[in-house]
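Read the structure below first, then the notes.
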Amino acid sequence: MTHPTPRTRGALRTAADARRDALETVRLATRIRDEWIDEGLSALPADRPAAEAAISELYARVRRPAPRFVWVPSPAAAPTAGATTRPMPPPRFDALPDRHDGWPAASLIAALHARLDLRVGDVIARRRRVHGYFHFERWRTDAPEQAVREGADAAFVVSEALLPALTRTVRDSLLMPLRALLNAEAGDPSGYACYGQHGVHKAGAYDVWRRTGLLRLRPEDSEQLDVWAAVARSCGWWWPGDEECVVSERPVDVRTDSAPDGGRRPHSVDGQAVRYADGWGFHAVNGTRVPEWVITDPTPERIAAEPNVEIRRCAIERLGWDAYTELAGLRLVGSAPDPGNPGSELCLFDLPGNTWGGPARLLLTVNGSVERDGTRRRYGLTVPFDLPDPLAAAAWTYGLDSDQYARLQRRT
């Protein structure tokens, strides 16, 4: 029997200590990330004194006097607020700050973002040279700590498994729908803004890197990040003009459900998912922004006229698939047990006329995977109109023939 030498035992203890430290880092990063997700979803009133103090500090850092603040109930009210002339949009966070002299306070944030992005990239590159590459595909959504136990470096787990949930929750599910809505309504540069609480996918991410010790900042950069974070924690969107700064309140209601990656997504079946005090906002179902009629009055006629497949799916699920097929008058072509999903049934319907974009059939089936609440989701797929039966239609969706599909043990 081979016994470890003192040197080997020391190496083993060091490796165990490093793994334990990495787990603690990932746990701390998860807590900080969740704090920032809560900030991005906050429906509390803005902290006006804190917001004005932080924004004034940004002005002072670019040698400008504190502005006069104009508060509005929502970003939609900003275009008509105050007398500030906004000749150009503020910089995107990835823009070069020296091209935006008209927005010096915003440019300060843009420059900090650029510097910190480079620093984070350097950290990842250095650690990859030491630790090699770790494939995250199986860990991204639900097991960051297990990834560490499997040998992943803490910085990789933070970058690949934890922070994407912050980005998807705040930027993808809130900021982008609100920005698209504002641009569609206003049709002018007022659709651009500094995003306050909806910019925490950046400010919060850098705070995670800093507070976990994975990224060491220069004192000046750390101070600027503190100011940026203070703005993000205290108000909604803001437009920094030369003499005036228009600042929006936060929403008064944000309704969400859990997302598979550990984040949240806007969701409400009885009103707006995101609502501001003046009524501005949007409806959403399971993270998909939908028109109001999907919530209040989904009908077969509206569903048939809707070109977006995700909106159409949300509307049908609001009605229920059985109610939809009956109300829409769909003719049942046939039904059969699903060999790839024992205990479930396949149903094939004719879609009349140009419903859903042309001649087709609708295959109604049950998901092979269990949802987070333990149920199996029922859903419909359009298939070619010449498929003769539900088994052939199900096989077509997998690129198989009927005999091959019939031999499946279980599909997902």
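The values are calculated or read from the model by the stated rules, or taken from the named source; none is laboratory data. Because the structure is predicted, anything quoted here is derived from the model rather than measured. Here the Cβ positions follow ideal geometry from the backbone for every residue, glycine too, while neighbour counts run over all protein chains shown. Surface areas here come from the heavy atoms of the whole protein model, side chains and all, with no ligands, DNA or RNA. Shrake-Rupley method; radii C 1.70, N 1.55, O 1.52, S 1.80 Å.
Before moving on, here are some points about what is shown:
- Taking a sphere under 11 Å around the Cβ of Ala392 and counting the other residues whose Cβ falls inside, with K and R at +1 and D and E at -1, yields a net charge of -3.
- Net length available on complete extension from Ala18 to Ser344 is 112.5 nm, with 0.36 nm assigned per residue and the Cα-Cα distance removed.
- At full extension, Glu35 and Ala304 could sit 92.7 nm farther apart than now, given 0.36 nm per residue minus the alpha carbon distance.
- Per-residue SASA entry for Arg289, accessible area with 1.4 Å probe, Å² rounded to 10: 100 Å²
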